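Read through the structure below, which is laid out as structure tokens, and then see the notes.
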Amino acid sequence: MFKFFAWLIGLPVIIICVFFAISNQAPVMLDLWPTEYDLEVPLYWAVEGALLAGFIIGVFLTSMTGGGARREARQYRRDLNTCRRELQSAVARAERAEAKTKG
């Protein structure tokens, strides 16, 4: 289901980016401050490069800030599995004890 929605959202975004690149090929001058270099690139490189850089930075920051929550969720999952095993063991012991008292 996730792949369906990824394609549903991703495909139009890709198509929009391609049309944007086709229609915006005029050169622009990028001043690489604080250096004295200038760089002339097509407009779509500048815009899509900035979007890509923002996306990569966002993914990095999201993964860094969500790490504690994921670690906590893994610990809770381990604790839950431990409790389930202990409960199953306790139920089995109780059933055996009840069977001894009746038998």
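Every read-out reported here was derived from the displayed coordinates using simple, explicitly stated rules and does not represent laboratory data. In this text, all values refer to a predicted model and were calculated from it rather than measured experimentally. Glycine also receives a Cβ, built like all others from the backbone with ideal geometry; neighbour counts cover every protein chain displayed.
Assigning unit charges at the beta carbon (Lys, Arg +1; Asp, Glu -1) and nothing else, what dipole magnitude in debye, to the nearest 20, does the chain show about its Cα centre? If you can, show how the numbers build up before the last one.
Numbers: 12 positive and 10 negative charges, 326 e Å.
Using only the charged Cβ atoms, the result is roughly 1560 debye.
Largest first and to the nearest Å, give the Cα extent of the chain along each principal axis.
Here the spans come out as 91, 35, 10 Å, largest first.
Filter the GluC sites (Glu not before Pro) in the range 33-74 to those in DSSP coil with at most 11 other Cβ atoms within 10 Å of their Cβ, and list the result. Mind showing how you got there, number by number?
On the way: sites: 36, 40, 48, 72; in loops: 36.
Passing both the DSSP loop test and the Cβ count: 36.
What residue among 63, 89, 23 shows peak mean-square fluctuation when the chain is described by a Gaussian network model with Cα springs under 10 Å?
89
Enumerate the calculated ³J(HN,Hα) couplings along the range 55-69 in order (Karplus 6.51 cos²θ - 1.76 cosθ + 1.60, θ = phi - 60°), each rounded to whole Hz, writing x wherever the residue is Gly or Pro.
Running phi through 6.51 cos²θ - 1.76 cosθ + 1.60 with θ = phi - 60° gives 5, 5, 5, x, 4, 4, 5, 5, 5, 6, 6, x, x, x, 5 Hz.
Multiply the residue separation of residue 73 and residue 13 by 0.36 nm, subtract the distance between their alpha-carbon atoms, and state the gained length in nm to one decimal.
On the way: separation 60, 0.36 × 60 = 21.60 nm, distance 3.26 nm.
Result: 18.3 nm gained on full extension.
Could you run the Karplus curve 6.51 cos²θ - 1.76 cosθ + 1.60 with θ = phi - 60° over the range 75-80 and give me ³J(HN,Hα) per residue in whole Hz, x for Gly and Pro?
5, 4, 5, 5, 4, 5
Of the options 43, 101, 29, report the single residue whose Cα projects farthest towards the positive end of the charge dipole of the range 8-103 (beta-carbon charges: Lys, Arg +1; Asp, Glu -1).
Farthest towards the positive pole: 101.
Provide the per-residue ³J(HN,Hα) series for the range 93-101, in order, calculated from phi with Karplus coefficients 6.51, -1.76, 1.60 and θ = phi - 60°, each as a whole number of Hz, with x at glycine and proline positions.
5, 5, 5, 5, 5, 5, 5, 5, 6
Out of residues 5 or more away from residue 28 or on other chains, whose amide H comes under 5 Å of its own, with H placed 1.01 Å from N in the peptide plane?
HN-HN under 5 Å from residue 28: 41, 43.
Which value, to two decimals, describes the C-alpha radius of gyration of the range 1-49 once divided by 2.2 N^0.38 Å?
In units of the globular-protein estimate, the range 1-49 measures up at 1.61.
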